[in-house]
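The structure appears below as structure tokens.
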Amino acid sequence: MSDILIRADNVSKVFHSHKEDVEAIHDFSLTVKKGEIVCIVGASGCGKSTFLNMVAGFIQPSSGRILLEGQEITKVEPRCGMIFQNYALFPWMTVIENITFGPRLKGVQKKVRHEQAKQWIKRVGLKGFDYSYPGELSGGMQQRVALTRALANEPDVLLCDEPFGALDAMTRQAMQQELLRLMYKSNQTILFITHSIDEALILSDRVVIMSARPGRVKAVFENDLPRPRKLELQLTDRYLELKRKVWSLVEEEVVSALGIRKG
Ligand SMILES: Nc1ncnc2c1ncn2[C@@H]1O[C@H](COP(=O)(O)OP(=O)(O)O)[C@@H](O)[C@H]1O
Ligand SMILES: [Mg+2]
């Protein structure tokens, strides 16, 4: 059996609106192997969310196709779990109700889903907050609930759309370490979008750099930085060398996206 989980072949997406047509991504191809953490970086508006939303099956490509385990994705894909920048928790549900929502729909027994949820709550350090509402939690805590809610469904792939982008720098770093800790040994496949090169280098096995809109694959880096990825890694020469490389490629696209001509 092939170890490729996701395969995007020459995917383009055009949005039609009353004013004009916008080509968000063009001829975008990518494969993600089972157990791999792939980070996609690119300038704002280059089509990152559009691509992820197509993998999740929320929207369909205009041309090309995306396969999950060899099957074309044509509708909202239950094998994908997603977390977003704005947490997207149900505000009227408690932490435990949010986490057990998916398993409940799947028909997992109440006792079983509550026991599993309680374990998750403990693992992500939210013990004692089972019956709190999202509005009573900090941003970092809400994002931990969102992460847990996605993982409780045991998705084949976890799709992350800049999930830590709204958090302050310290909380963001803590969340990155938390994600790595949770994923350690579990072999979870993750497709992670970020505009932070540091985040991409800390998390990924591979970094995909997108061009300015319409988004294409501009470059792909194997990220061979040693694991576990502790924050001290960011002070090493190898890290800075990689960061410089990635940044010079991203910079060209940011400049192009902003319409700035280099002097
Ligand atoms: N539903 C939509 N209708 C029209 N245009 C859209 C829609 N979604 C995204 N776009 C446009 O597609 C481009 C890419 O958007 P997006 O994928 O959100 O970029 P990113 O996530 O990289 O910032 C942008 O120009 C955006 O305005
Ligand atoms: Mg986006």
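Using a 10 angstrom cutoff on alpha carbons, build the Gaussian network for the chain and name the most mobile of LEU158, LEU225, LEU235. Among LEU158, LEU225, LEU235, the largest mean-square fluctuation in the Gaussian network model of the chain belongs to LEU235. Mean-square fluctuation check for the chain, GNM, Cα pairs under 10 Å: which of SER138, SER49, SER29 is largest? In this elastic network of the chain, the residue with the biggest mean-square fluctuation among SER138, SER49, SER29 is SER138. For the residue pairs LYS185/LYS245; LYS48/LYS127; LYS34/LYS111; LYS106/LYS127, alpha carbon separations beyond 27 Å are given by LYS185/LYS245; LYS48/LYS127; LYS34/LYS111.
Each Lys and Arg Cβ is given +1 and each Asp and Glu Cβ -1; about its Cα centre, the chain then shows a dipole of about 640 debye. Between ARG227 and VAL76, the modelled labels are 3.1 nm apart [label points 7 Å from Cα along Cα→Cβ]. Place +1 on the Cβ of every Lys and Arg and -1 on the Cβ of every Asp and Glu in the chain, take the dipole about the Cα centre, and give the residue among GLY81, VAL207, VAL41 whose Cα lies farthest towards its positive end. Value computed over the given set: GLY81. With the gyration tensor restricted to C-alpha atoms of segment 88-154, the semi-axes of the equivalent ellipsoid amount to 18, 12, 10 Å, longest first. Rounded to whole numbers, the Karplus 3J(HN,Hα) couplings from phi for segment 237-253 are 4, 4, 4, 5, 5, 4, 4, 4, 4, 5, 4, 5, 6, 5, 4, 4, 6 Hz, using 6.51 cos²θ - 1.76 cosθ + 1.60 with θ = phi - 60°, and x at Gly and Pro.
Cross-link partners for LYS243 among the lysines, with Cα-Cα distance under 17 Å and sequence neighbours closer than 8 places in the same chain left out: LYS218, LYS230.
Helical content alone sets the calculated 222 nm signal of the chain at -11000 deg cm²/dmol, taking -39,500 (n - 2.57) per DSSP H segment of four or more residues and averaging over every residue. Taking every alpha-carbon pair under 8 Å whose residues sit at least 6 apart, the chain reaches a relative contact order of 26 percent.
Rounded to the nearest 5, what % of DSSP beta bridges with both residues in the chain are antiparallel? List each step's numbers first, then the result.
Values: 21 of 41 bridges.
About 50 percent, rounded to the nearest 5.
Output the relative contact order of segment 138-253, whole-number percent, from Cα pairs under 8 angstrom with separation of 6+ residues. Each step should come with its number before you reach the end.
Details: 99 pairs, mean separation 24.2, N = 116.
Relative contact order, segment 138-253: 21 percent.
Taking the chain as a Gaussian network of alpha-carbon nodes connected by springs under 10 Å, the highest mean-square fluctuation of the residues GLY125, GLY42, GLY81 belongs to GLY125. Close amide H partners of ARG206, meaning residues 5 or more places away or on another chain with modelled amide H under 5 Å apart, are ILE37, CYS39, ASN223.
Bear in mind these aren't lab numbers, they're just calculated from the coordinates by the rules spelled out. Since the model is a prediction, treat every value here as computed from it, not as a measurement. Note that we place each Cβ from the backbone using ideal geometry, even for glycine, and neighbour counts take in every protein chain shown.
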